[in-house]
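The values are calculated or read from the model by the stated rules, or taken from the named source; none is laboratory data. Bear in mind the structure is a predicted one, so any value in this text is a computation, not a measurement. Heads up, the Cβs are rebuilt from the backbone with ideal geometry, glycines too, and the neighbour counts pull from every protein chain shown. The protein model used for the area step is the full one, side chains on, heavy atoms only, and it has no ligands, DNA or RNA in it. Shrake-Rupley method; radii C 1.70, N 1.55, O 1.52, S 1.80 Å.
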Amino acid sequence: MDNKQQSNGMTKENNAVKKKANWSGSLILASLTGAFGSSFLYGYNLSVVNAPAGFIKKFYNETWERRYGFSVDESTLTLLWSITVSIFAIGGLVGAIIVTPIVKFFGRKCTLVLNNVFAVAAALLMSLSLLAGSFEMLILGRIIMGVDAGISLSALPMYLSEISPKEIRGSLGQVTAIFICIGVFTGQVLGLPEIFGQESRWPFLFGAIIVPSLIQAVILPFLPESPRYLLLEKHNRSKAEKAFQRFLGKNDVSHEIEEVLAESRVQRNTKLVSIIQLLRTRAVRWQIVTVVVTMGCYQLCGLNAIWYYTNNIFSESGIDHEKIPYVTLSTGGVETLAAVFSGLVIERLGRRPLLIGGFGLMVIFFGVLTVSLTLQNTVHWLPYLSIFCILAIIASFCIGPGGIPFVLTGEFFQQSQRPAAFMIAGTVNWLSNFAVGLLFPFIQAGLQTYCFLVFAGICFAGATYLFFVLPETKNKTFHEISQAFAKRNKVALEMQEMNHYPGERKSSEGQESNFTSSVDNGETKKGIV
């Protein structure tokens, strides 16, 4: 009995040590620095246009009048503002499309570092637009900032998923969502009238973008590249081992190297696949559909509509105009707390309940919000219920749907498929983002208080699909996750049939042997590792 208790005690102690070792200083610094110069800026640029909207429209009107001698008409001004808001998503789409060749050639970490060129250029254009008297500079800066966001929202989750142990992959992946929320909150704080929310100071809101970019550009080069990228794509075993050692905080990383090489043997090659090749691969068909659904729902569930048009929604709820910036601040605080909560519990509860539960709660609160907005003129306290529903929707989004889609995209696919998968996810993400930013004002005008029922329907459809299709991916290797989808993809029988072809199997073994002999950075090692 004593031996059994001693054994259990040692097991718990070893697990505790292992869990503690997972969070090394280099791993924490890489995730925080990577997110601060990437997803933080995405969130910041979602909210930063809200507070100075009136000042920017006035700047547009004054510039137009100075050039042409007459004021711009209301419809043209609305069009210019809609373009300014939604053009960010067009830049994001461009960034998502070009990210695959960039991460292949430069690597994950170097892509994030080089991406800061776009952020700094965009910040200079937007912050100097008032001084130069050119609203085109502001619009161009929004496009370039969108390119930066499109690249970073693919490269960052890819980097984080490849440097983290599977035991904390979900928690580390949620860093992306947490920093998006912190970015939104920071944009709201800096937009207060006491700081930069004044007519003469709004350009500083855009100039502040330079700070996170420079911090990332200074710190990230001193941290390792993705060890999986170094091993499987660059075939540099020595650098991969050093990267694993720094990220995991231990000297013996032979198990991790073996795990990555085992994945390469299952793949039979490490050549990156194109989008067309990925779409034609039956073994990942349902993974692709699931990524498209989760990314589509991520944008179409209505959160961006609330982020872009919070001031209008609170105004419709009966809040005084002077109080709106401070009430809006509560949305950023709630979403940040909810995202942090999700990061703390994701490895305990799993991806599936947080994602499905988040969408389910959003359906409920969208329904209550619709009733509240419809009847708010009849009962004096209903505007406060509307505010509560908005905060509850944001919290429901951030506990699951706000970050888990990025985690799943990194978990579903093997090394050679991941860049193409992130390109597909990014394309869906940014097209949906653009559609919401452009169409929501017209949906709101046409449906009035019933507009949020559209988003409730999308959330319900997403939750239903995920309930029947999504497997739990917590603490699973990439190969185990692929196996979870194998039955639905109908590939198990085909894999068994492949084993009956000796010639093909022999060829695969030859590829494995050749690969193993090339991963040691010039040193020849024969046989299967």
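Values computed for the structure shown
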| item | result |
| --- | --- |
| Within the range 222-235, tally of residues that are more than 16 Å from S24 (Cβ to Cβ) and either at pLDDT 90 or above or part of a helix (DSSP H, G or I) (or both) | 5 |
| Options D252, D320: the member that is more than 25 Å from the chain's Cα centre (by Cα), modelled with pLDDT of 80 or more and open to solvent by 10 Å² or more (accessible area, probe 1.4 Å) | D252 |
| Positions within the range 344-393 being closer than 21 Å to C297 by Cβ, surrounded by fewer than 21 Cβ atoms within 10 Å (Cβ to Cβ) and charged (D, E, K, R), in sequence order | R352 |
| Residue in the range 260-276 that is part of a helix (DSSP H, G or I), out of contact with any helix residue (DSSP H, G or I) (no Cβ under 6 Å at 6 or more places or on another chain), open to solvent by 60 Å² or more (accessible area, probe 1.4 Å) and modelled with pLDDT of 90 or more present | yes |
| V292 vs. criteria among the β-branched types (V, I, T) and surrounded by fewer than 18 Cβ atoms within 10 Å (Cβ to Cβ) | yes |
| Some residue of the range 459-481 being at pLDDT below 90, surrounded by 22 or more Cβ atoms within 10 Å (Cβ to Cβ) and over 30 Å from G332 (Cβ atoms) | yes |
| Breaking point among (1) open to solvent by less than 20 Å² (accessible area, probe 1.4 Å); (2) modelled with pLDDT of 95 or more; (3) among the small types (G, A, S), for S164 | (2) |
| Qualifying residue in the range 284-293 (condition: farther than 20 Å from I163 by Cβ, in a helix (DSSP H, G or I) and in contact with a Lys or Arg (Cβ under 9 Å, 6 or more places away or on another chain)) | yes |
| Meets criteria (outside the structural domain of K109 (by the TED database), crowded, with 24+ Cβ neighbours inside 10 Å, under 14 Å from the mean Cα position of the chain (by Cα) and under 24 Å from T336 (Cβ atoms)) for A425 | yes |
| Residues satisfying the stated conditions in the range 26-80, i.e. surrounded by 21 or more Cβ atoms within 10 Å (Cβ to Cβ) and of a type in the set (G, A, S) | A30, S31, G34, A35, G37, S38, S39, G43, S47, A51 |
| Of the criteria (1) outside any helix (DSSP H, G or I); (2) at pLDDT below 80, which one T378 fails | (2) |
| Filter pass, P405 being open to solvent by less than 20 Å² (accessible area, probe 1.4 Å) and in a loop (DSSP other than H, G, I, E, B) | no |
| All positions within the range 85-108 that are open to solvent by less than 10 Å² (accessible area, probe 1.4 Å) and either aromatic (F, W, Y) or not in a helix (DSSP H, G or I) (or both) | F88, G107 |
| Any hit, the range 440-451, residues being closer than 18 Å to I404 by Cα and open to solvent by 30 Å² or more (accessible area, probe 1.4 Å) | no |
| Options G296, G197; residue that is in contact with a helix residue (DSSP H, G or I) (Cβ under 7 Å, 6 or more places away or on another chain) and in the same structural domain as K104 (by the TED database) | G197 |
| The range 323-343, residues that are at pLDDT below 90 and open to solvent by 60 Å² or more (accessible area, probe 1.4 Å) | K323, Y326 |
| Whichever residue in the range 204-249 is in contact (Cβ under 8 Å) with a residue 40 or more places away in the chain and of a type in the set (V, I, T) and, among such residues, is surrounded by the fewest Cβ atoms within 10 Å (Cβ to Cβ) | I215 |
| Residue that is surrounded by the most Cβ atoms within 10 Å (Cβ to Cβ), among those in the range 109-149 that are polar (S, T, N, Q) and part of a helix (DSSP H, G or I) | N116 |
| Out of F406, F388, sole residue that is assigned by the TED database to the domain that holds L303, closer than 30 Å to W286 by Cβ, modelled with pLDDT under 90 and among the hydrophobic types (A, V, I, L, M, F, W, C) | F406 |
| In the range 167-184, the residues that are surrounded by fewer than 24 Cβ atoms within 10 Å (Cβ to Cβ) and either among the aromatic types (F, W, Y) or at pLDDT below 90 (or both) | E167, I168, S171 |
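Yes/no matrix, rows are residues, columns are (1) under 26 Å from S152 (Cα atoms); (2) of a type outside the set (K, R); (3) under 21 Å from the mean Cα position of the chain (by Cα); (4) in a helix (DSSP H, G or I):
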{"site": "P383", "(1), (2), (3), (4)": "no, yes, no, yes"}
{"site": "E411", "(1), (2), (3), (4)": "yes, yes, yes, yes"}
{"site": "A421", "(1), (2), (3), (4)": "yes, yes, yes, yes"}
{"site": "N433", "(1), (2), (3), (4)": "yes, yes, yes, yes"}
{"site": "I458", "(1), (2), (3), (4)": "no, yes, yes, yes"}
{"site": "G462", "(1), (2), (3), (4)": "yes, yes, yes, yes"}
